[in-house]
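*Asks:* Sending over a structure as structure tokens; questions will come in a sec.
The values are calculated or read from the model by the stated rules, or taken from the named source; none is laboratory data. The structure displayed is predicted, hence computed values, not measured ones. Positions of Cβ are backbone-derived with ideal geometry, glycine not excepted, and every protein chain shown enters the neighbour counts. Areas reflect the complete protein model, heavy atoms only, side chains present, ligands, DNA and RNA absent. Shrake-Rupley method; radii C 1.70, N 1.55, O 1.52, S 1.80 Å.
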Amino acid sequence: MTSPTIPAETPSAPSQLPADHPLVDGRTTHAPLVRALRGDRPDVTPVWFMRQAGRSLPEYREVRQGVGMLDSCLRPPLAAEITLQPVRRHHVDAAVFFSDIVVPLRLAGVDVDIKPGVGPVMDQPYRTAPDVERLTSRTLDDGALAPIAEAVRLTVAELGDVPLLGFGGAPFTLAAYLVEGRPSRDHLAARTLMHADPETWARLTAWTAELTGRFLRAQVLAGASAVQLFDSWAGSLALADYTAHVAPSSTAALAHVADLRVPGRSPEGDDDGLAAIHFGTGTGHLLPALRDVLDAAGVAHPAVGVDYRTPLDEAAALLADHPRGPVPVQGNIDPALLGAPWPVLEAHVRDVVARGQAAPGHVVNLGHGVPPDTDPTVLTRVVELVHSL
């Protein structure tokens, strides 16, 4: 597959969002999710679930019959329908764009597929300098991203005042998949390349940052009201390795949306920027570093997603020591408790909401994704409970 070339530079000059964007025309300006990510406390605490658009819903399984995962992501009407399903069923406060972190790789011409029961599998592991040189010669442009933009437009047209969250995989997680060739428990090959050939590693992560950045920017320009950068595997890294070998590429990816402005939204009357959430699993030791990535990228309204291992009040304390002050948090219901008796789950949800009061803003979510065997009625009850609190 041959694609047109892309400029090497990351967007830097501020750029206004289109006039028909939900943040500009007012549809999502006062949505609870948007307010919470800006450090506000709306009357209703917002809640959505990672992987809410997925296998736990019977309507999802029905529309996906006979259609591969990546094909589902690249058929705009289907991707829009799947994105909307949990909003209709659960009345969550945000839709998250239905996609997969390897979609930008597929759009750039990488031979990748998602194998049932395995996950993303590459045509080969990319572990040497020549491998990475061939890989990074592939490019991604707006034409290749057209199905993504169209799916977002279709979704936003149906959402009304419910905001859409843009979705993107962090450069490290994409790079780890490429180096390993498939999912890995310890990401040993990726971490080896990081230290054995830091120049090749930097080239690879700069390329994955460019892909993810363009992927996110296409979603925002088409109507997403905020974004979340998922770093599924960053928890496998020591803080020093994350800071030296991963943070720069995540910063570069987020910079692709940090320049986008909502005219006249700030108290000073200047153009106001976007909210972005940075989330990783097993990243309790990296939470301030995740926040610093958002800061370095120039994100106007940074928020940090917290997995189920770190209580939110402890996370808020870790994130409070910063010149700009504390940041909003997102999380962190333990997905395992979705299968527990309701009194157990209810007590846990109440505790999560109470601990979230330690931060300036709180978006309730899971501390990871919805398990595929979750009873959908349980998620609906959780939403109702959070809204009642």
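*Asks:* With a 1.4 Å probe and every protein chain left in place, work out the accessible area per residue of the range 74-214 in Å², rounded to a whole number.
*Replies:* 37 Å²
*Asks:* Give the range of the longest stretch in the chain that excludes all trypsin sites (Lys or Arg not before Pro) found in loop regions by DSSP and having at most 13 other beta-carbon atoms within 10 Å.
*Replies:* Formally, the longest exposed-site-free interval is 1-184.
*Asks:* Taking the dipole about the Cα centre of the chain, with the C-beta of Lys and Arg at +1 and of Asp and Glu at -1, give me whichever of Ala252, Ala19, Pro77 is farthest to the positive side.
*Replies:* Ranked along the dipole, the leading option is Pro77.
*Asks:* Further, regarding this structure: Tell me the label-point distance for the pair Ala296, Gln357, using the 7 Å Cα-to-Cβ offset, in nm and rounded to one decimal.
*Replies:* In this crude label model, Ala296 to Gln357 measures out at 3.6 nm.
*Asks:* Putting +1 on Lys and Arg Cβ atoms and -1 on Asp and Glu Cβ atoms, find which of Val132, Ala209, Val156 reaches farthest to the positive end of the dipole of the range 113-218.
*Replies:* Ranked along the dipole, the leading option is Val132.
*Asks:* Let me ask something additional. Looking at the chain, which longest stretch skips every one of the GluC sites (Glu not before Pro) that is in a DSSP loop with at most 13 other Cβ atoms within 10 Å, leaving the sites themselves out?
*Replies:* 10-267
*Asks:* Restricting the count to DSSP beta bridges whose residues both fall in the chain, what percent are antiparallel, rounded to a multiple of 5?
*Replies:* 20 percent
*Asks:* Would you please give the FRET efficiency between Glu62 and Arg185, computed as 1/(1 + (r/R0)^6) with r the Cβ-Cβ distance and R0 = 30 Å, to the nearest 0.05?
*Replies:* Taking R0 as 30 Å, the efficiency between Glu62 and Arg185 is 0.35.
*Asks:* Suppose we keep just the alpha-carbon trace of the chain; what are its Rg and Dmax in angstrom?
*Replies:* Looking at the chain, its Cα Rg and Dmax stand at 19.5, 57 Å.
*Asks:* Rounded if a/c is under 1.5, else prolate if a/b is larger than b/c, else oblate: which is the range 309-356, with a ≥ b ≥ c the root eigenvalues of its Cα gyration tensor?
*Replies:* Here the range 309-356 falls in the prolate category.
*Asks:* Follow-up question, since we're still on this one. Grab the eigenvalues of the alpha-carbon gyration tensor for the range 136-189, scale each by 5, take roots, and send me the semi-axes largest first in whole angstrom.
*Replies:* Working through the eigenvalues yields semi-axes of 31, 17, 7 Å.
*Asks:* Here's a follow-up. When the helices in the chain are scored as -39500 (n - 2.57) per DSSP H run of 4 or longer and the sum is shared across all residues, what 222 nm value do you end up with, to the nearest 500 deg cm²/dmol?
*Replies:* Rounded to the nearest 500, it is -13000 deg cm²/dmol.
*Asks:* Restricting the count to DSSP beta bridges whose residues both fall in the range 255-341, what percent are antiparallel, rounded to a multiple of 5?
*Replies:* Antiparallel bridges: around 20 percent, rounded to the nearest 5.
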